[in-house]
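What follows is a set of notes on a single structure, which appears directly below.
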Amino acid sequence: MPELPEVETTRRGLAPHLEGHTITGVTLRRPDLRWPIPPEIRDLLPGQRVASVRRRAKYLLLDTQAGSALLHLGMSGSLRVLPASTPVKPHDHVDLVLDGRRVLRFTDPRRFGCLLWQPPGEIHELLRGLGPEPLSDQFDGDTLFALSRGRKAPVKTFLMDQAVVVGVGNIYAAEALFEAGISPLRAAGRVSRDRYALLAAAVKRILAYAIQRGGTTLRDFISPDGEPGYFELELSAYGRGGEPCPRCGRPLRQATIGQRATVWCGHCQK
Ligand code: ZN
């Protein structure tokens with residue numbers, strides 16, 4: 001599944017191909033993905049110039065004067081800029097034609113992604129109530145500490161709550177907790193301010209590193225220049241249950257928290 005670093009990598013790859021360019025046509029090869037595609041997109045987008053390509057959480061927004069196309073890659077989606085003559089394959093569900101010469105092609109075999117519409121001046125309901133971006137100054141240890149007081153849920157579940165901070169998926173939560181030395185099972189309300197400062201710093205460091213490496217865990221993710229955009233993250237904890245802890249050598253423990261597999265070191269993480 002594309003995580004925040006993959007979506008940000010996609011955004012950075014697409015922006016130079018889209019910003020300042022005009023959408024001259026829209027081809028919808030099916031009426032829906034995860035949700036119905038608003039049919040008015042076919043009338044609203046042609047003739048519009050893409051002012052900016054933004055990311056909020058794991059959503060991409062293509063901003064125009066008429067409004068913003070709101071995209072999510074779901075479990076298996078990818079976006080590529082291709083010559084308009086490129087043959088269409090199965091699962092190529094949407095084309096936005098750019099300057100009549102190229103297309104932004106949205107491919108999504110499992111169709112958990114979406115293409116929706118956000119009118120000018122409005123915020124789509126999917127984007128309301130989201131917490132801060134993890135790489136922004138609004139996200140830090142003090143925020144985590146304040147929000148977590150009185151919370152009994154495990155700190156890992158808390159960290160993955162999109163109302164607390166967006167885009168910290170299972171892999172990144174496990175890695176950040178390992179780096180900060182915090183047990184994923186600990187109640188969120190029982191983590192000190194100092195340790196939340198370490199945790200916020202670890203989240204930022206790990207996500208920034210993954211973005212820098214163009215990282216993704218998605219096998220069939222293709223970056224806009226056609227090269228595979230994924231790499232094997234060098235993970236300390238995630239997916240390594242039973243293996244030796246990289247710090248102390250004791251076997252890493254594994255359990256399910258909030259229906260998600262979790263690996264941690266019972267010695268290094270308290
Ligand atoms: Zn250890």
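Annotations
- The chain: DSSP helices with Cα axial extent of at least 27 Å and average Kyte-Doolittle hydropathy no lower than -0.5: 193-212
- Stretching the chain fully between S52 and D99 yields a gain of 15.3 nm (0.36 nm per residue, less the alpha carbon separation).
- Of the residues L185, W117, V203, the one whose Cα sits farthest towards the positive end of the charge dipole of the chain is L185 (charges of +1 on Lys and Arg Cβ, -1 on Asp and Glu Cβ, taken about the Cα centre).
- The chain, helix-only ellipticity at 222 nm - DSSP H runs n ≥ 4, -39,500 (n - 2.57), divided by all residues, nearest 500: -7000 deg cm²/dmol
- Around the amide H of L135, modelled in the peptide plane, lies no amide H under 5 Å away from a residue 5 or more places distant or on another chain.
- Rounded to the nearest 20, the size of the Cβ-charge dipole of the chain about its Cα centre is 900 debye, with Lys and Arg at +1 and Asp and Glu at -1.
- Residue-span extension gain [K270 to R193] - 0.36 nm each, minus C-alpha spacing: 26.3 nm
- Positive-end extreme of charge dipole, the chain - chosen from M160, G214, C245 (charges on Cβ): C245
- Three semi-axes of the equivalent ellipsoid, the stretch 66-168, Cα gyration tensor, whole Å, largest first: 36, 16, 12
- Close amide H pairs (under 5 Å, H built 1.01 Å from N) link T64 with A51, A69, residues at least 5 positions away or on another chain.
- Cα gyration tensor category, rounded, prolate or oblate, for the chain with a/c compared to 1.5: prolate
- Placing a label point 7 Å from the Cα of F112 along the Cα-to-Cβ direction, the residues of the stretch 33-59 whose backbone N falls under 13 Å of that point are 34.
- The stretch 1-106, relative contact order [Cα under 8 Å, separation at least 6], %: 31 percent
- Around the Cα centre of the stretch 1-90, unit charges on the Cβ atoms of Lys, Arg, Asp and Glu (plus for the first two, minus for the last two) sum to a dipole of about 140 debye.
- Gyration tensor verdict on the stretch 46-111 (Cα atoms; rounded if a/c is under 1.5, prolate if a/b is larger than b/c, oblate otherwise): oblate
- Among the trypsin sites (Lys or Arg not before Pro) within the stretch 30-101, those in coil by DSSP and having at most 13 neighbouring Cβ atoms inside 10 Å are R101.
- Three-way shape label, the stretch 4-118, alpha-carbon gyration tensor, a/c 1.5: rounded
- Spin-label model, M75 to K152: label points 7 Å out along the Cα-to-beta-carbon direction sit 3.3 nm apart.
- Relative contact order computed over the chain (Cα-Cα under 8 Å; 6+ residues apart), in percent: 19 percent
Throughout, read-outs are computed from the coordinates displayed, never taken from laboratory work. As the structure is a computational prediction, the values presented were derived from the model and not from experiment. FYI the Cβ positions are ideal-geometry reconstructions off the backbone, even for glycines, and counts take in every protein chain you see.
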